[in-house]
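K.L.:
Take a look at this one; I'll ask things after.
The values are calculated or read from the model by the stated rules, or taken from the named source; none is laboratory data. Just so it is clear, the structure is predicted and the values come from calculations on it, not from any experiment. Using ideal geometry, Cβ is built from the backbone for each residue, glycine included, and neighbour counts are taken over all protein chains shown. The protein model used for the area step is the full one, side chains on, heavy atoms only, and it has no ligands, DNA or RNA in it. Shrake-Rupley method; radii C 1.70, N 1.55, O 1.52, S 1.80 Å.
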Amino acid sequence: YPGTYITGLYNRLATNIGGREICNEDFVNAPNWLTLRFKIENEPWIDLNKVKIEKLNRCLNLKTGLLSRSMIVTDAKGRKTLVESGRVASMHNPHLAAIKYRLTALNYPGLLRITSALDGTIINEGVERYKSLNSKHLEPVDQGGSTNFSFLRVKTNQSNIEIAEAARLACDKEVQFTVSSKPGIVHTHVQYEIKEGESIELQKIVSIFSSLETNGDVLKEAKKALEKIVDFNFLYSASKRSWAGLWRKADIKIEGDRMSQRLIRLHIYHLLVSASPHNRKPDAGITARGLHGEAYRGHIFWDELFILPFYNIHFPETARQILMYRYHRLEKAKENAKEYGYKGAMFPWQSGSDGSEETQVVHLNPVSGEWGDDHSSLQRHVSLAIAYNVWQYVNTTGDVDFMKNYGAEIVFEIARFWASKSEPDENTGKYSIKSVMGPDEFHESYPGDSQGGLTDNAYTNLMVAWLFGKVPEIIEMIRDDSGTILEKISLSENEIQRWNDIQHGINLVVNQEGIISQYDGYFDLKELDWNYYRKKYKNVYRMDRLLKAEGKSADDFKVVKQADTLMTFYNLTRETVDKILDDMGYELPSGYIEKNLDYYLKRTSHGSTLSRVVHAQLAKLIGDDELSWSLYSGALSSDFDDVRDGTTAEGIHTGVMAGTIMIALSTYAGIDIRGEVLNLNPGLPKNWKSVDLNIDFKGVNYHFNVKHDVCEITPEKDSIITFKKKTYRIAANKKTTINLKNVSNKL
Ligand code: BGC
């Protein structure tokens, strides 16, 4: 399936389904620039579905971004053609791409006809489930060309974004190029009398511009960019150099476990493809499925909470850009809050072009084939993720200016929203937050209730308490400018005092054993007969769909899609959570983390790839290395093994990809970036001999080499690090070795 995606390229279309008008903002598949096909004499085009394919070899070089393919195709008359191609989408300049296409007539002479195209007649059809929805987003504007140059202009039919593609072909043989076109598509044709054993090579250089990236004439820009490219190797060399720079920063070397090594690199590769400093300041966040497919319509979710740390430590300018996407939609978030009767900023669960709520209100259950209500936009915790991301970004990069100019405003408006959602409850004497959903999407409402929403989701309430606790710290951080910001958003002392009251008085439901109830009422739900369902369906990831198809509802059962209450421990250190609980007036028994992990893990189906990452970290925290590894290796291979039955083809899962990288770094190599200074607590998996990596923290670059018994650190400036509650001074540009086994021996 040929997919070309441009960050921020959305288009909204309506479809009538069963008498209901469904409106979706989609991630538009841009015109297909890949088409290159051939035929022999006047026979039909060689169709890979009809010919015999021998020796198919496809290789994606993660280091350089080159995709090469080689295959021998044999047609019905026994003529064999060797087809070799190399393809690259430039990392150096995201507007450029190139293909090298070589055909060898292995056992025949004949007239070879080759056609290249720029095709804007394509529709969005990368996701089977969306097939019944209107998916024609592009309208032709203009197309044409002459000899070896061709161009195409189209525009999206609702958002009016213009896209231009220009292509230049070159051939290593004397050939004539001719161009033909019709609305929405342009072809370039070549023919050549090939001898037996002879080869012909075409190069296709393509440039792509959209009106999102330029105020000027998109076609002019595309032509200008194309003119600068000499040939395939010229483009590829520049791209390779940019890749080398990215890998120098972001690579993680793992010794002892080749599979983990390859998968971690696969994940780094796909994140860098999705966003890197080479993107020209797009006004967009990182989508849940990368620039890799149409699932979730290219929308931006809370998944950035898992993704952003990767950019914070390697590419702060990209991280800042991602947060600016939210800042530019702060007004819309305020409108969203107002519309629902709240104050402050309520960011949408699914965000697209302008920050409106893009979550569908109905959802297709592929098991039953029926449409049902979708309450998932009640996952208001996305706003907490945004506030958390602002805090983490500033903490990791030390970019206090960002906090002053944008971050504080985002955080305070989010705090304001949560304060307006918190209501005192006479029965408990505590503050309560109603009508929300936690990350566990299986629970949308109370049993039998058609209205979505739950009360006192523990993850939400704990993160709200964390957020209010951060407000005085932020005011202190930006002290010289805090007056201006507080004035700008009319934030009074009284309001801040109320936030403080809520922080100390927010409700949690905790049982005798210290299990924190996922929400008020969770303990009353029925237990699920897991053995029965495992036997019946084997794959029980999407327990919600299985239950629905049986006429039941996950809302009635103690079944969890992904870490919910336990998410708190992914975001915050154990000490921070303890302090928050203490401030809230809850005293939990010792070992409560172990008990909560045990309780929830038993009831979790890991219906989201994000789930295992969180549990892996928590298992390590409580010292269960085996459990941690089994969860982690599952997360690590989720896209490689396509564990969600084909959904990887609809787009990679950026959250789990970044999550696994960060667990390698923060949990196993044990470099915790959440505090004021770096805190070390390494504990490599048994089969990893060492982990070697670089990070930037508060403007200082650190090189780490972590083994089971020692950790070597080389910072580029004098630095401070904590390890086992002790503080170490580490000198600049010198390798300092910390003995991990015998703490007292040195330093
Ligand atoms: C998960 C969400 C996630 C979304 C997009 C869902 O399956 O439950 O937590 O935000 O996918 O990745």
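K.L.:
Just checking, does the stretch 514-528 include any residue being in a helix (DSSP H, G or I), within 16 Å of the ligand (Cβ to nearest atom) and open to solvent by less than 10 Å² (accessible area, probe 1.4 Å)?
P.N.:
Checked the stretch 514-528: no residue is in a helix (DSSP H, G or I), within 16 Å of the ligand (Cβ to nearest atom) and open to solvent by less than 10 Å² (accessible area, probe 1.4 Å).
K.L.:
How many residues does the stretch 277-298 contain that are away from the ligand (no atom under 15 Å from the Cβ) and either crowded, with 21+ Cβ neighbours inside 10 Å or of a type in the set (D, E, K, R) (or both)?
P.N.:
Residues in the stretch 277-298 being away from the ligand (no atom under 15 Å from the Cβ) and either crowded, with 21+ Cβ neighbours inside 10 Å or of a type in the set (D, E, K, R) (or both): 4 in total.
K.L.:
Check whether at least one residue in the stretch 22-40 is loosely packed, with under 13 Cβ neighbours inside 10 Å, under 28 Å from Ser85 (Cα atoms) and either touching a Phe, Trp or Tyr at 6+ places or on another chain (Cβ under 7 Å) or among the aromatic types (Phe, Trp, Tyr) (or both), and report yes or no.
P.N.:
No, the stretch 22-40 contains no residue that is loosely packed, with under 13 Cβ neighbours inside 10 Å, under 28 Å from Ser85 (Cα atoms) and either touching a Phe, Trp or Tyr at 6+ places or on another chain (Cβ under 7 Å) or among the aromatic types (Phe, Trp, Tyr) (or both).
K.L.:
OK, next. Would you pick out the residues in the stretch 230-264 that are under 18 Å from Asn312 (Cα atoms) and open to solvent by 20 Å² or more (accessible area, probe 1.4 Å)?
P.N.:
Scanning the stretch 230-264 gives Gly245, Trp247, Arg248, Lys249, Asp251.
K.L.:
Give the stretch 206-247 a look and list any residue that's free of Cβ contacts under 8 Å to residues at least 24 places away in the same chain and basic (Lys, Arg), or say none.
P.N.:
Residues satisfying the conditions are Lys220, Lys224, Lys228.
K.L.:
Turning to a different aspect of this structure: Is there a residue in the stretch 540-562 that is in contact with a helix residue (DSSP H, G or I) (Cβ under 7 Å, 6 or more places away or on another chain), of a type in the set (S, T, N, Q) and free of Cβ contacts under 8 Å to residues at least 24 places away in the same chain?
P.N.:
Among the residues of the stretch 540-562, not one is in contact with a helix residue (DSSP H, G or I) (Cβ under 7 Å, 6 or more places away or on another chain), of a type in the set (S, T, N, Q) and free of Cβ contacts under 8 Å to residues at least 24 places away in the same chain, which makes the answer no.
K.L.:
Residues being outside any loop (DSSP other than H, G, I, E, B), of a type in the set (A, V, I, L, M, F, W, C) and more than 14 Å from the ligand (Cβ to nearest atom): count how many of those fall in the stretch 363-408.
P.N.:
Restricting attention to the stretch 363-408, the residues satisfying the condition of being outside any loop (DSSP other than H, G, I, E, B) are 363-365, 370-373, 376-378, 381-397, 400-408.
Checking which are of a type in the set (A, V, I, L, M, F, W, C) leaves us with 364, 371, 378, 382, 384-387, 390-391, 394, 400, 402-403, 408.
Checking the rest, the ones that are also more than 14 Å from the ligand (Cβ to nearest atom) come to 364, 371, 387, 390-391, 394, 400, 402-403, 408.
Matching residues across the stretch 363-408 total 10.
K.L.:
Within the stretch 424-457, count every residue that is within 16 Å of Gln379 (Cβ to Cβ) and either of a type in the set (Ser, Thr, Tyr) or assigned to a strand (DSSP E or B) (or both).
P.N.:
6
K.L.:
Quick check on my filter: what residues within the stretch 616-651 are touching a residue at least 60 places away in the same chain (Cβ under 8 Å), surrounded by fewer than 18 Cβ atoms within 10 Å (Cβ to Cβ) and within 16 Å of the ligand (Cβ to nearest atom)?
P.N.:
Selection gives Asp645, Ala649.
K.L.:
While we're on this one: Could you list, in sequence order, the residues of the stretch 319-362 that are open to solvent by less than 10 Å² (accessible area, probe 1.4 Å) and either closer than 25 Å to Ser666 by Cβ or part of a helix (DSSP H, G or I) (or both)?
P.N.:
Listed by number, the residues that qualify are Ala319, Ile322, Leu323, Tyr325, Arg326, Leu330, Ala333, Ala337.
K.L.:
Right, something else. Would you confirm whether or not the stretch 429-445 contains a residue that is among the β-branched types (Val, Ile, Thr) and under 21 Å from Arg603 (Cβ atoms)?
P.N.:
There is at least one residue in the stretch 429-445 that is among the β-branched types (Val, Ile, Thr) and under 21 Å from Arg603 (Cβ atoms).
K.L.:
Kindly list, by first and then second residue, each pair from a residue in the stretch 581-605 that is closer than 23 Å to Ile506 by Cβ to a residue that is charged (D, E, K, R), limited to pairs with Cβ atoms under 8 Å and residues at least 6 apart or on different chains.
P.N.:
Leu581/Glu587; Pro589/Glu513; Pro589/Lys595; Ile593/Arg574; Lys595/Glu513; Tyr600/Asp564
K.L.:
Which ones in the stretch 590-615 are more than 16 Å from the ligand (Cβ to nearest atom) and part of a helix (DSSP H, G or I)? First the steps, then the outcome.
P.N.:
As a first pass, look at the stretch 590-615 and keep what is more than 16 Å from the ligand (Cβ to nearest atom): 590-599, 601-602.
Within the stretch 590-615, Tyr592, Ile593, Glu594, Lys595, Asn596, Leu597, Asp598, Tyr599, Leu601 meet the criteria.
K.L.:
On the given criteria, is His703 touching a residue at least 24 places away in the same chain (Cβ under 8 Å) and open to solvent by 30 Å² or more (accessible area, probe 1.4 Å)? So that I can check it myself, show each step before the final result.
P.N.:
Details: touching a residue at least 24 places away in the same chain (Cβ under 8 Å): no; open to solvent by 30 Å² or more (accessible area, probe 1.4 Å): yes.
So His703 fails the test.
K.L.:
Separate question: Looking at (1) in contact (Cβ under 8 Å) with a residue 12 or more places away in the chain; (2) closer than 17 Å to Ile410 by Cβ; (3) away from the ligand (no atom under 16 Å from the Cβ); (4) not aliphatic (A, V, I, L, M), find the lone condition where Trp302 falls short.
P.N.:
(3)
K.L.:
Condition (residue is closer than 25 Å to Asp257 by Cα, surrounded by 15 or more Cβ atoms within 10 Å (Cβ to Cβ) and under 32 Å from the mean Cα position of the chain (by Cα)) applied to the stretch 714-722: is it met by at least one residue?
P.N.:
Checking the stretch 714-722: at least one residue is closer than 25 Å to Asp257 by Cα, surrounded by 15 or more Cβ atoms within 10 Å (Cβ to Cβ) and under 32 Å from the mean Cα position of the chain (by Cα).
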